[in-house]
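Reading through the structure tokens given below for one structure.
The values are calculated or read from the model by the stated rules, or taken from the named source; none is laboratory data. Bear in mind the structure is a predicted one, so any value in this text is a computation, not a measurement. Using ideal geometry, Cβ is built from the backbone for each residue, glycine included, and neighbour counts are taken over all protein chains shown.
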């Protein structure tokens, strides 16, 4: 039986690992070698693709960390969970996301489908770190051009 809380912890540890060697190790612990990660701004495959995506996100959101959100649910080989991205200890996260993932028999992630529920944005935030690793999307342009203090990005 898969410990889904531990799986989500390994997943978020990969997103938080800023040392490249430690990040690659965390990615290998959380993702299968042929894993696919897709969200509104990216579609990558394999450890190298996930590594490039995470490195870009860390550059774009330097100083922010990922933490578990309020939702963690699973059945069969599927897990869904929310996560927050923000300053450690801050009352309000910068981004709130929701991921649905398929879990391989070895307990690692083989497919992750990410959604951005809310994003606190400021003018000039550059989503190019995500779009360089994947495909551009209308969501990316809304994030870069909005002055709203907190917007839903799934409109």
- Query: If you check 112, 100, which single one turns out to be within 26 Å of residue 20 (Cα to Cα), at pLDDT 95 or above and surrounded by fewer than 16 Cβ atoms within 10 Å (Cβ to Cβ)?
  - Reply: 100
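Could we say that residue 14 is crowded, with 18+ Cβ neighbours inside 10 Å, in a helix (DSSP H, G or I) and at pLDDT 95 or above here?
Answer is yes for this residue.
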- Residues being in contact (Cβ under 8 Å) with a residue 24 or more places away in the chain and over 11 Å from the mean Cα position of the chain (by Cα) - total across the stretch 18-39: 12
- When residue 121 is evaluated against the numbered criteria (1) assigned to a loop (DSSP other than H, G, I, E, B); (2) touching a helix residue (DSSP H, G or I) at 6+ places or on another chain (Cβ under 6 Å); (3) modelled with pLDDT of 95 or more, which criterion, by number, is the only one it fails? (3)
- Query: Does any residue of the stretch 128-137 turn out to be surrounded by 16 or more Cβ atoms within 10 Å (Cβ to Cβ), more than 24 Å from residue 24 (Cβ to Cβ) and at pLDDT below 90?
  - Reply: yes
